[in-house]
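Undergrad: This structure is in structure tokens; I'll ask about it shortly.
The values are calculated or read from the model by the stated rules, or taken from the named source; none is laboratory data. In this text, all values refer to a predicted model and were calculated from it rather than measured experimentally. A quick note on method: Cβ atoms are made from the backbone with ideal geometry, for glycine too, and the neighbour counts reach across all protein chains shown.
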Amino acid sequence: MSIIQRLLGSNETTETPQYHAFRPTKTYSGTDIIPVEFGLPKKIESMCPECMEIIDATLYPEAGKVWMRKKCKDHGEFKDIFYGDVNLYYRCEELWCGDGMGVEDPPIHSATVCPSQCGLCNMHTSHSGLPIMDLTNRCNLTCPVCFANANAAGYLYEPSFDEVVSMLESLANQKPVKANMVQFSGGEPTVRPDFLKIVMKAKEMDFYYIQVNTNGIKMADPEFAQAAKEAGVDNLYLQFDGVSDDVYKKTRARPLFDIKLKAIENCRKVRIDVIPVVTLVKGYNDHQVGDIMRFAAENNDVISGIAFQPVSFVGRFSQSHRLEKRYTLADLAFDIERQTGYMKAMRDWFPIGITSTISRLASALSGKPNYTLTLHPHCSQGAYFFIGEDGTVKPISEFLDMDPFLAELLKLSKEIKPSKFGLLSKVKVLYRLKKYFLSDKAPKGLTFEKFLQSFEGYQDRRLRRTYTGEDGRNESYKSFFVAGMHFMDAYNFSVERVKRCVIHYPDPNGHLYPFCAYNGAPVYRKRVESKFKLSHEQVKAKIEAEGRPKELEMVARKMGI
């Protein structure tokens, strides 16, 4: 039984109404949900890194870490580190807050084997948290760590404008929760001549949160940054591997730090929120985790959070190489503790799925399903920080009694019923939650009321903007999040994790693919891009129409055109 269940004082496995479900037994389409089993050792379904067949694997503790061991009858045994600290592994499991029920009308209705019948299918338990739409696989960089580079792929994938609109429509029609947030990615999405037109169309279609996954080269141009803001870009998911060029020379094959600084400054001027995205490679840039954290805190007027992504091993790698370079979310948590002193990993590091407690309460108050991140506790983990008026950085769990606070949110979500007297329900919520706020330990200037205001935008991101005041400054209390997401590869693949993924890729046919099935294993990206890749004639036409852009000519040479 988890900490949350113990604090709730209940062993219930089902609840009604369905949108309050703590542990539903079926998806919306009626397929049985196989619950996550906790504890070690345990058996899970995984994948052979050679033939991509589903095989059994064992997770077990050894020397303070969690390991995965599996054996394919044709390709032998594989062993890898699954998680870097066994105690933190247990801690994140204890904070599991339950499954979702997927989507009401999945594109695949009769799947029986995951992930070979993707998607999304009737077996999937999460709706789309943040869909990622690849606008192209061409890029103005050739990064050694990239899995989505047209120059490496040898073909060009670039959905037409009409295909992009069709994919947006399929997301907007998702039920019971609309997927009306989107990340435009690639390749490098900003190299498309119609990039701004696509952003404007998404905004016109009521996508109220538009994020751009970019290396920042185009955004370093002030005119382009201004145009992006006017088109409707809300957030820059900025490739940001460190605070010195020696790191970029290793991860991106060229110095880029000045470009990152220019892009961030331009976003500050035009009022676009920035999330630095750090691809972490052990021995390359893990020593700069603390420096990146301090950089974010110092630039909190424009930076709302950091996304750390330990590198995945896509392709064939020896066991010795993987064990030397493998970096997990536990390693990240303890590096933050050691390199900054901002937090204590065992107290302040949480699975991102705990935010579902807020969503369940929002559902109780509104009487309808809400945006809920029901991802596996070992998919994504992080911490939330507040910056005091004196500049002190404190994690939320230093001044909030977190475990009983989360349990109280779930209790309230059971008790409260939708009512025309909504104000009374909100007063009840405030009264019940305030006792967990430890004002004597809070950062200077942070009251309980300001603390609650900082969460106003969780369900509606239109309320969560870095820039809200007339002078462009942040009127709310200063805070930022740190999220780590360890995308899987074929060596550490877990089927129970991919079934709960909330990061989904749409394709032009209306299918949706979980991130780790699309990029890590079984690599649906290659299948989708191969199916919809452009012909030689289409590439030639693009080269001429766009005035022979360098990145297209590079792709053309690779294609033998």
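Undergrad: Might you check whether a residue that is farther than 22 Å from residue 205 by Cα and buried (at least 18 other Cβ atoms within 10 Å of the Cβ) occurs anywhere in region 127-137?
TA: Within region 127-137, one or more residues are farther than 22 Å from residue 205 by Cα and buried (at least 18 other Cβ atoms within 10 Å of the Cβ).
Undergrad: Just checking, how many residues over region 283-336 are farther than 22 Å from residue 246 by Cβ and free of Cβ contacts under 8 Å to residues at least 12 places away in the same chain?
TA: The qualifying residues number 3.
Undergrad: Determine whether residue 477 is touching a Lys or Arg at 6+ places or on another chain (Cβ under 7 Å) and either modelled with pLDDT under 85 or within 21 Å of residue 128 (Cα to Cα) (or both).
TA: Yes: the conditions hold for residue 477.
Undergrad: Looking at (1) modelled with pLDDT under 95; (2) surrounded by 19 or more Cβ atoms within 10 Å (Cβ to Cβ); (3) among the aliphatic types (A, V, I, L, M), find the lone condition where residue 503 falls short.
TA: (1)
Undergrad: Go through the residues of region 153-170 one by one and say whether even a single one is surrounded by fewer than 16 Cβ atoms within 10 Å (Cβ to Cβ), assigned to a loop (DSSP other than H, G, I, E, B), under 23 Å from the mean Cα position of the chain (by Cα) and among the polar types (S, T, N, Q).
TA: No, every residue in region 153-170 fails to be surrounded by fewer than 16 Cβ atoms within 10 Å (Cβ to Cβ), assigned to a loop (DSSP other than H, G, I, E, B), under 23 Å from the mean Cα position of the chain (by Cα) and among the polar types (S, T, N, Q).
Undergrad: Right, another one. Could you check region 324-401 for helices (runs of 4 or more DSSP H) lying wholly inside it with 2 or more residues that are over 28 Å from residue 288 (Cα atoms) and at pLDDT below 95?
TA: Values: elements: 329-340, 345-348, 356-366.
Per the criteria, 356-366.
Undergrad: While we're here: Could you tell me which residue of region 388-404 is farthest from residue 432 (Cα to Cα), considering only residues that are more than 25 Å from the chain's Cα centre (by Cα) and among the charged types (D, E, K, R)?
TA: 390
Undergrad: A follow-up question, please. Just checking, which of 136, 125, 112, 142 is under 30 Å from residue 403 (Cβ atoms) and of a type outside the set (Gly, Ala, Ser)? Give the derivation first.
TA: On the way: 136 fails: under 30 Å from residue 403 (Cβ atoms); 112 fails: under 30 Å from residue 403 (Cβ atoms); 142 fails: under 30 Å from residue 403 (Cβ atoms).
Step by step, each of 136, 125, 112, 142 is checked, and only 125 is under 30 Å from residue 403 (Cβ atoms) and of a type outside the set (Gly, Ala, Ser).
Results for (1) part of a helix (DSSP H, G or I); (2) of a type in the set (S, T, N, Q); (3) modelled with pLDDT under 90; (4) surrounded by fewer than 16 Cβ atoms within 10 Å (Cβ to Cβ), shown as yes or no for each residue.
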residue	(1), (2), (3), (4)
516	yes, no, no, no
522	no, no, yes, no
534	no, no, no, no
537	yes, no, no, yes
547	no, no, yes, yes
557	yes, no, yes, yes
561	no, no, yes, yes
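Undergrad: Given (1) free of Cβ contacts under 8 Å to residues at least 40 places away in the same chain; (2) part of a helix (DSSP H, G or I); (3) over 30 Å from residue 310 (Cβ atoms), where does residue 229 come up short, assuming only one miss?
TA: In the conditions (1) free of Cβ contacts under 8 Å to residues at least 40 places away in the same chain; (2) part of a helix (DSSP H, G or I); (3) over 30 Å from residue 310 (Cβ atoms), residue 229 misses (1) alone.
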